[in-house]
Amino acid sequence: MNTNKTDKVILGIDPGTVVMGYGIIHITGNNLRLISAGVLSLDKKEDHFLRIKEIFDTVEKLIKEYKPDEFSIEEPFFGKNVQSMLKLGRAQGAAISAALHHHLPVHGYSPRTIKKSITGNGASSKEQVASMLRTILKFEETPKFLDATDALGVAVCHYFQTKGNPQNCSTSNTKIKKSSAKKSKASWSAFINKNPDRIKK
């Protein structure tokens, strides 16, 4: 699929097990238009696995209704709470599975990359991101939940990434992982050279 087509719809997801945000934008040439943004509240469902099913069903419903060409999602950051990370990973997986079920190309971006793409600062607050998105997408009212504007930020970040805008997502998460792997390999080689007696033969 050509990700550089000038007329396309992008679905952005901010995954969560309590609140999931979604944002949909339409690209026409160099113009971005907000189609829809909102949240899925999951706090009334006590069963975690029923929440996962609800995420899958909702993303699938959004895909059927708005027929996006591409799917983008915020990748969870690494935290100290293992259980929370596990649940968030499941939520992300459910949303991605729905996208793949409909043969959509999936693109993931880190929170810092998304913020930098929107505001130029990877440490921006959610409010700052929402404010900049109002300017970019030309809407007046900020959604009640910032999870919705976070999801819009994912979609806009993906647009900037594929458009090649120099002020934004300069590296994808895949590239970051490869870079980290090379750094780790180089560090291990240096350790071996400095400590040959520590290596068992």
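With only the Cα atoms considered, the stretch 26-109 has a convex hull volume of 113 Å³ per residue.
Expressed in nm², what is the orientationally averaged projection area of the convex hull enclosing the Cα positions of the stretch 7-170? Intermediate values should be presented prior to the final figure.
Values: hull surface 36.2 nm².
Spelled out: convex hull of the Cα atoms, projected over all directions, averaged, 9.1 nm².
Say the cut-off is 20 Å between C-alpha atoms; which of LYS45/LYS87; LYS67/LYS115; LYS115/LYS138; LYS53/LYS126; LYS44/LYS64; LYS64/LYS116 go over it? Please list the in-between numbers first.
Values: LYS45/LYS87 14 Å; LYS67/LYS115 26 Å; LYS115/LYS138 18 Å; LYS53/LYS126 27 Å; LYS44/LYS64 25 Å; LYS64/LYS116 31 Å.
Those over the limit are LYS67/LYS115; LYS53/LYS126; LYS44/LYS64; LYS64/LYS116.
Each reported figure results from applying straightforward, stated rules to the coordinates on display, with no laboratory input. As the structure is a prediction and not an experimental result, all values here were calculated from the model.
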